[in-house]
Amino acid sequence: MGGTDEASRLRDGFAESTLGLARSRRAVVLAAGRSERMRALTAGGSKAHLHLGGVSLIERAVGRLLTVGIEDVIVVVGARSTSVERLVQRIARRGVRTLFADRWMEGNGASLAAAERELVDDPLFVVMVADHVFSDGATDQLVAASRPSVLVDEHPDPVIWSEGTRVRIEDGRALEFSKELSELPVDCGAFVLSPAIFEAQRRAAAEGDASLSGAICRFAALHPIAAVPLPPGAWWHDLDTPVDVRAARRSVRRSLRKPADGPVSRFLNRPISTRMSMAISRFRPSPGAISVIALLLCAIGSSSLALGKGIAGGIFVQLGSVVDGVDGEIARLQYRTSAWGALMDGMLDRIGDAMVVAGLAIWVVHDGMIGDVWAIGLAVGALTGSLLSMATKDRIRALGMREAPEDRLRLLLGGRDARLLLVAIAAVAGRPVWGLVAIVVTTTVTLIARLVAVARSADPT
């Protein structure tokens, strides 16, 4: 009983001392292991070199930490240290460096101990393992924690549960870590820790356990660790085998879908574009170059429409719509998103819209399908609707007004993905007038519905 009371007293004291600490600004990524079970994919090299979406595991781990505000990342290396160090150097980002762990062969707890001198004065720091892959946003809450914390998966896959380190949680605190527990939650291999972890690691090593899990167990026995649940919809993978890598690649590809996607993108364009993105990502193409290619495809399609070649025009217009999703997917895959890229993509999309409408109008006028005045009127209406579709959303957002329920408005097919598909169908059917009418009707109905929704929620003053 005395030992239990002492441990409780120490935990309570530590909890008081860590309340109100600033969030972590530094992080350690452990990448020192041999990767024995990955030999089929690594050919004996480090699995830090394995690529998902054209990005190595180490670059993915570092990139995610920098994205969420970590200022200094220490990559601990051991086995195949030279190749991993070169890989980190190629990342070429400020605040990223390597540290060699002399005792890496003993276990990843010993690898963490190599960073003690670097972190002993930091009240809190993040610890992650290079071969754990997380979805966007999965670790944000953990990294923002102002006390020692662990990311836990409360509903793990049965395979993950059978192999993972289980966690006993009471009142939001992780009290015990062990593979022998019957509890459902497992830790995700991502932690916010204090320098007390190094003393815990020494105790674990003295007892013959040099693993990170052993150090965490001793740490948790004396210091409270907050259990941060994996956010709803988030995912993670521990890459120990080739099967794990294949599962992670599937998750990465599926994560390229966007909540803002309309029905055409969700069910037609994305299943194609995400596979294209994963296939070409290894070549690390420029997202900007892909935006230009999408525009060129629209230009070829619009030229074909202007010449009355409806089948070719429809195919190229729809292909341009699919490729238009690839640029953003590549940017997200490889941490290359930027405001400038988004601006250029939007501008090129509007140019493409204008070209497609012009191609339809020229076809209609040339073949005398309707009067010139009607053709011009439809073209102006279609172009105006296409431009206002994005302009109104941007303006509403810029003015800080409550946004319309876009998830429902997308069902009206006024989005770009739906417009281009309707054009492609009309072109293949040899009915360019239908294409222009479809654009006018869908964009007008969507615009009116958006304005009505915003007006109802606007402040009457």
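The values are calculated or read from the model by the stated rules, or taken from the named source; none is laboratory data. Since this is a predicted model, take the numbers as computed values, not measurements. All Cβ positions, even for glycine, are placed from backbone atoms using ideal geometry, and neighbour counts span all protein chains on display.
Between S277, S281, S286, the distinction of being surrounded by fewer than 19 Cβ atoms within 10 Å (Cβ to Cβ) and of a type in the set (S, T, Y) belongs to S286 only.
For the stretch 402-461, a tally of residues being of a type in the set (V, I, T) and outside any helix (DSSP H, G or I) returns 1.
Consider T98 carefully, then state whether it is farther than 23 Å from V243 by Cβ and modelled with pLDDT under 90.
So T98 does not fit the description; no.
Counting the residues of the stretch 248-275 that are under 15 Å from the mean Cα position of the chain (by Cα), of a type in the set (S, T, Y) and outside any loop (DSSP other than H, G, I, E, B) gives 2. Flag: I300 does not match the condition of being of a type outside the set (D, E), crowded, with 17+ Cβ neighbours inside 10 Å and either in contact (Cβ under 8 Å) with a residue 60 or more places away in the chain or assigned to a strand (DSSP E or B) (or both). Filter the stretch 131-181 for residues that are touching a Lys or Arg at 6+ places or on another chain (Cβ under 8 Å) and of a type in the set (G, A, S); which is farthest from W236 (Cα to Cα)? The residue in question is S146.
Considering only residues of the stretch 410-461 that are basic (K, R) and in contact with a Gly (Cβ under 9 Å, 6 or more places away or on another chain), which is surrounded by the fewest Cβ atoms within 10 Å (Cβ to Cβ)? Spell out the reasoning first.
Taking the stretch 410-461 first, the residues basic (K, R) are 410, 416, 419, 431, 450, 456.
Next, from what is left, pick out any that are in contact with a Gly (Cβ under 9 Å, 6 or more places away or on another chain): 410, 416, 419, 431, 450.
On the way: R410: 20, R416: 20, R419: 28, R431: 17, R450: 22.
Ranking the qualifying residues of the stretch 410-461, first place goes to R431.
Within the stretch 223-247, the residues that satisfy the criterion of being assigned to a loop (DSSP other than H, G, I, E, B), closer than 16 Å to G164 by Cβ and more than 17 Å from the chain's Cα centre (by Cα) are L239, D240, T241. When the stretch 177-212 is filtered for residues that are polar (S, T, N, Q) and either surrounded by fewer than 18 Cβ atoms within 10 Å (Cβ to Cβ) or without any contact (Cβ under 8 Å) to a residue 60 or more places away in the chain (or both), the ones remaining, listed by number, are S178, S182.
Go over the candidates D240, D244 one by one and state the one that is touching a residue at least 12 places away in the same chain (Cβ under 8 Å) and acidic (D, E). I'd like the intermediate steps shown before the answer.
Values: D244 fails: touching a residue at least 12 places away in the same chain (Cβ under 8 Å).
Going through D240, D244 in turn, just one is touching a residue at least 12 places away in the same chain (Cβ under 8 Å) and acidic (D, E): D240.
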